[in-house]
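A.B. asks: If you scroll down you'll find the structure; I have some questions about it.
We did not get these values from a lab; they are worked out from the coordinates using the rules stated. The structure displayed is predicted, hence computed values, not measured ones. Here the Cβ positions follow ideal geometry from the backbone for every residue, glycine too, while neighbour counts run over all protein chains shown.
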Amino acid sequence: MSKCKTSGFKGTNDYGKSEEREGRSCVRYKCGLLNTIQDVLRQRPGWVEVKDEGEWDFNWCDVGWLRENFDHSYMEEHVRINHFRNHYELTRKNLMVKNLKRYRKNLERDVGRMEASKCEFFPCTFALPSEYHLFVEEFKRSPGSTWIMKPVAKSQGKGIFLFRKLKDIMDWKKDGTRSEEQKDAAQVESYVAQRYIENPYLINGRKFDLRVYVLVTSYVPLKAWLYRDGFGRFSSTRFSLSSIDDKYMHLTNVAVQKTAPDYDPEKGCKWQLQQLRRYLTAKHGRETIETLFKEIDNIFVRSLQSVQKVIINDKHCFELYGYDILMDQNLKPWLIEVNASPSHTPSSQEDYEMKCSLLEDTLNVVDMEGRLTGKEKRVGGYDLMWNDGPVYREDINLETFGSACFSANTHLGCVNDREKQLRRLLKPFPGQKRM
């Protein structure tokens, strides 16, 4: 496999320097997935798919392709790819917690306990088998508590179970006594043991979590965008701690819920975020829910800052993260996990349309065509949340602005009039007339 073919190498005759600066009328793309992103790429004016070893300018790949090819690829200035090299520092469950713990510890040392307390948004978590003994100490401090066990590198609810007794996880203790050589030979699967949120916020008696999308276009400096749309993922069974073996009650993953006996594909198990925010505002008041959403903003920024120094920054890379946030009965948001490859497979027509808009706007922000100035605070459904510092809303009065939790230029769960905004913002695609 030659370097030029794996990398999107551009021959000298393909594009002139002026077109390089102004954006390109033809974008050659490679896509390794067969879902909504493929539809969006095919419908984008001037974008042409390349197969196999063809040269490309833009690659939407899976993490397996990245792992095998990234280090062997030469990329020209204009080329873009949809993952950072070591994205797993935030998206593997054990590494995410390791980085958050270190970040919190450094904040307490350098700034103080008050600042470090703003990182108290992830449940008590231990990596197994390596931290088994620390886990047992914590487990014994609160007998009868419920814990949840998760494989560090799996998704869609695979391999997850709840437990209350140590005998349920004795296999991991045995693995923890192996030597490094034995571990390498046997490839022990790593898990995290996490204190289960026993008091989740319920709607109609059912547990749910939030799937929210954050786009990072740079880590140095940190530049992050928050999408206005997302959804709540509901369990199909009413919540109870009396039955910890019922995955349809405790796991909100769509991949799990759609296998439930009473799953209705027409209704699905999702609420759009606008609907959910309206419901919460009606029940608890605008001020309370604005505080909740500010605290969710805080989770996004702090988690990204926790990996900012370990992620290998590369101007060719961007990352669309799928954040999973759980609320408890006290309206405290908890970070459950971050996904590097959030599912773009739709569960309904409404879900398909939302994901198409999300992906179209991701391409608009990445801007292969060179239609943006680089100073935009909003592009379609994305709001610039952080640009080497907080990005404030136009209507914020900085003198009266509270300091308890930063308030970024975010509108999560608010109106998403993206098409109107894009018509005002963007020049037409090359060869198109403005509508």
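A.B. asks: For each pair in LYS270/LYS375; LYS30/LYS118; LYS101/LYS294, compute the distance between the two Cα atoms and list the pairs where it is over 31 Å.
C.D. replies: Pairs exceeding 31 Å: LYS270/LYS375; LYS30/LYS118.
A.B. asks: Given a Förster distance of 35 Å, report the FRET efficiency between LYS283 and GLU138 from their Cβ-Cβ distance, rounded to the nearest 0.05.
C.D. replies: For LYS283 and GLU138, the calculated efficiency is 0.55.
A.B. asks: Using packing as a proxy for protection, rank 131-140, 292-301 so that the peptide with the highest average count of other Cβ atoms within 10 Å comes first.
C.D. replies: Most protected by this proxy first, the peptides run 292-301, 131-140.
A.B. asks: Let me ask another. Within 9 Å, Cβ to Cβ, of LEU273, how many net charges do the neighbouring residues add up to if Lys/Arg are +1 and Asp/Glu are -1?
C.D. replies: Cβ neighbours under 9 Å give a net charge of +2.
A.B. asks: Ranking request for peptides 276-288, 97-109: highest mean number of other beta-carbon atoms within 10 Å first, then the rest in descending order.
C.D. replies: 97-109, 276-288
A.B. asks: With label points built 7 Å along Cα→Cβ from the Cα atoms of SER240 and GLU115, find their separation and express it in nm.
C.D. replies: 4.8
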